[in-house]
Each structure stands twice: as C-alpha cells, then as structure tokens.
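See structure below.
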Amino acid sequence: MLAGGCDSPVRSGWGVGAPMFVQSSARGAYAFDEDGRRYVDYVMAYGPLLFGHTHPALVAGLDDLARHGFVWGSTHAEEVRLAERVRRHLPSMQRMRFVTTGTEAMMSAIRVARAFTRRNRVLKFAGNYHGHFDLALLDAGASAHTTDSAASGIPGGVVRDVAVVRYNDLGSVDAFLREHADDVAAIAVEPIVANMGYVAPQPGFLEGLRERADRCGALLIFDEVITWLRFGLSGAQGRAAVAPDLTALGKIMGGGTPIAAFGGREDVMGVLAPDGAAFTGGTHGGNPFCVGMAHRVLDLLESHPEYYAYLDSLARRLADGIRAIFTERNLPYAVVQRESIVDFKFRAGAANRNYDDALAADKAAYARYYREMLDRGILLPPSQNEVMFVSTAHTEEDVNATLDAIVRSVDS
C-alpha cells in the first residue's frame, strides 16, 4: 500500500476536496482515467511535457536507446556531448553534472555554493519551490505545506541556516543582508516563478539580486527546473540577461524522464571531487538512456523553432478567452500568460507578485472550480499553487473545449 495512498501529496486531491484522479494512460494532450474517459490535460506532469504525452520523436525506437543498457555507472561520450549542447544554450553553465531530479540538482548546487564560499546561510524566497530536501521546504510554494518544521522532520539546525524573504522585494533582501551578509553562501531563486502561481520578476529584481550577491560574496543560484526550455533554449536567464553563478535544470530536458543537471562557473564547480573536497555523485547520473532522451528533446527544439511561436499563440488564445469570460461576468481575477504558461487565481486585483498574494487567494473557490472542470473533462492541477501548462500537442479545439467548460463551471 502507498503511504497516504499516493507517491506525492498533491496527487491525493486533499487540497481541492476531491477524490484522487487515478490515471490509466495518456496520449498527446489527453489523460485517461480508469474508465477510459478522456480529459484535456493541463498538468503535463507539472511542466516537463513540452510536447505533450507520447510524442513520436520521443517514444519511437526506445529499444535502440535501451539496447546497450539503461545504466552503466561509467562516463560515456554522449554524456559529454549533452553537456556541450547544454552549455551552448546556457553559457553560464561552464561545467556541470547530471543528476536524476530537480531536487537533487538544487541540493547539490547549494552544497557547492557552501563549499566554495565556506559559508553556511542560504537566502531563499517565500513561495519558491526548490524540491523536497530539508532546506528547500521552508515556506516553499507548490504543495509543500511545512508550517511546523519539527513535525515536518526538518531539524532546527537547518532552520537556523536559512533565511526566507519576499520575492520581488529587494528591501527584504537588504534587511537581512545588513545583519548577515558575511555568512550568506547563496541566494537561491526561481527567476520566473511557477510554484505559487505564475509570478514574473519585477523590473530590476533579478539584476538587484546579481548585484547584491556580488557585493556580499555570495553565489546566485537560478532554479530553472521549470523555466529552462519552457521559456526557450536560453531559459529565464537568457530572457532576463542575468547570468547566475549556478543553475539547476530538471526533467523537462529529458522529456519527463529522470534526468536533471546542476552547473555553473568553472572555478565554482572546481570544488567538486575529484578536483576538490565536496562530494556529489550517483549511479544514475548521466545514465545512457536518459541522456539519449535529452538529446532527442534538444533535437526537436533545435530543428523546430516554430514550436515556441505555436505555444505562445495557443496559450495567448486561452488566456484571452478566459479574460473575456471574466470581463463578461465582472469577475475581478487577473489572468496572466507567458509563453506556454497560463494562470489566474481566485483573488481580486492584480496578478500575484509574491507569496503573500498567493496565500490570499480563495482556496475553496478553486476547489469548486477544479471539481467542476474535472466533471467537464478538463484536468487541472489539484492545487491553486500550480499553473496551466500548454504543450505542442494541444490544439485550438482543446482550447475551445476548455473555454466552454470554464463558462459552464463559473456559471454553475
């Protein structure tokens, strides 16, 4: 039996007062339940399925990828070639290592930052989700509810080494740094947030973090687990023209298969063994099967630059349609869209700017909306902290069906 009935708490449906959605299969833009009913899927495995489910270029010929083994525990040429391809798109990643999950990538990046700076404290932002290791869960977004650190299994020593400040608020960063600048190893941030709803960095915010990290001798870590590839081959850092010292990437690079990476400046990554004293490692790191899948993903994106224009156009159509529905009904909810992400919260006023805004949204209203949409064949994340992800497999017909379902759901 599964603990709590599932392998990840948000799947249980507890946040929306709904039975757990039990899936039997998936294809393209659609998820299917145990009865074979089809749903338009906007969860997309929480972001990594940029091409939808079962894209032919990713699922065809898997025997060829597996023919020589799934995992070796040895370094291989395709692993090195993948690192070179990543570096071409993300020049800040001068050296990198492949791992299995975004959690592992961020955990490793923070260890590297501490080893390089010989400092302990990490500055992070409320509502930013960096995985489920101890440090990352404090005031995290997504569905990580850890208000009681002791009950959550997070030691007091970890709590003392973390400072949580407000996203888009350089004043809160400065207030902490005035007292503790000499002990900050890293400033860790989602450059564009998609774990407390969609939240864009205000003009000057990321540049301000870069300047403050340089001034106090800390390293700036960008968590691009969601943003890399969702926001183009150069990621959020390319869009913002701000280079971090370290970057974490996630499973989107392998089309959803378990591959991730962390990396950054050559001198910083030099602290890792065997060159330095800091250790990270794992048998599955850079395994040939997932590396092969990552090459397929990059092949698709490099040969089809038009995919990004299609995603943006389709997501804009969805967002504009939702805005029109809300305007007709005098509903005061801000709809936001960027690239392939669409989001709104049940909170009057402007779009979310920080975690305080996200927490002010009406959870009960979203829960009702989730259930209404599910009844009408639209699969949304079972948590208002998440966003809607559009894939290349979605169509205008899917968007039209979604808008029709929204009309009937908000009118019910």
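Any read-out appearing in this document is the output of simple, stated calculations on the displayed coordinates, not a laboratory observation. Treat the numbers as computed from the prediction; the structure is a model and nothing was measured. Every residue, glycine as well, gets a Cβ built from its backbone with ideal geometry; the counts of neighbours run over all protein chains shown.
When only the Cβ of Lys, Arg, Asp and Glu is charged (+1, +1, -1, -1), the dipole of the chain relative to its Cα centre reaches about 380 debye. Taking 13 Å as the straight-line reach from the Cα of Lys251, the aspartates and glutamates in range (excluding those fewer than 8 positions away in the same chain) are Glu104, Asp223, Glu224.
For a straight C-alpha distance cut-off of 22 angstrom, the lysines reachable from Lys363 (same-chain residues fewer than eight places away being disregarded) are Lys345. Annotation for region 1-107: trypsin sites (Lys or Arg not before Pro) lying in DSSP loop with at most 14 further Cβ atoms inside 10 Å of their Cβ are Arg37, Arg67. When the charge dipole of the chain is built from unit charges on Cβ atoms (+1 for Lys and Arg, -1 for Asp and Glu) and taken about the Cα centre, the candidate among Val59, Val159, Ala261 whose Cα reaches farthest toward its positive end is Val159. I'd like the distance separating the alpha-carbon centroids of region 93-142 and region 171-245, in whole Å. Using only Cα atoms to place each centre, the spacing works out to 12 Å. What whole number of Å gives the distance from the Cα centroid of region 341-375 to the Cα centroid of region 1-33? Comparing the Cα centres of region 1-33 and region 341-375, I get a distance of 20 Å. Would you please classify the overall shape of region 68-302 from the alpha carbon gyration tensor, given that a ≥ b ≥ c denote the square roots of the eigenvalues, rounded means a/c under 1.5, and beyond that prolate means a/b larger than b/c while oblate covers the rest? Here region 68-302 falls in the prolate category.
Along the axis of the charge dipole computed for the chain (Cβ charges of +1 for Lys and Arg, -1 for Asp and Glu, origin at the Cα centre), the listed residues Ser172, Tyr42, His68 are led at the positive end by Ser172.
In the chain, a dipole from Cβ-located charges (positive for Lys and Arg, negative for Asp and Glu) runs towards its positive end, and of Val199, Ser25, Ala319 it is Val199 whose Cα lies farthest in that direction. Rounded if a/c is under 1.5, else prolate if a/b beats b/c, else oblate: with a ≥ b ≥ c from the C-alpha gyration tensor eigenvalues square-rooted, which is region 36-105? Here region 36-105 falls in the oblate category.
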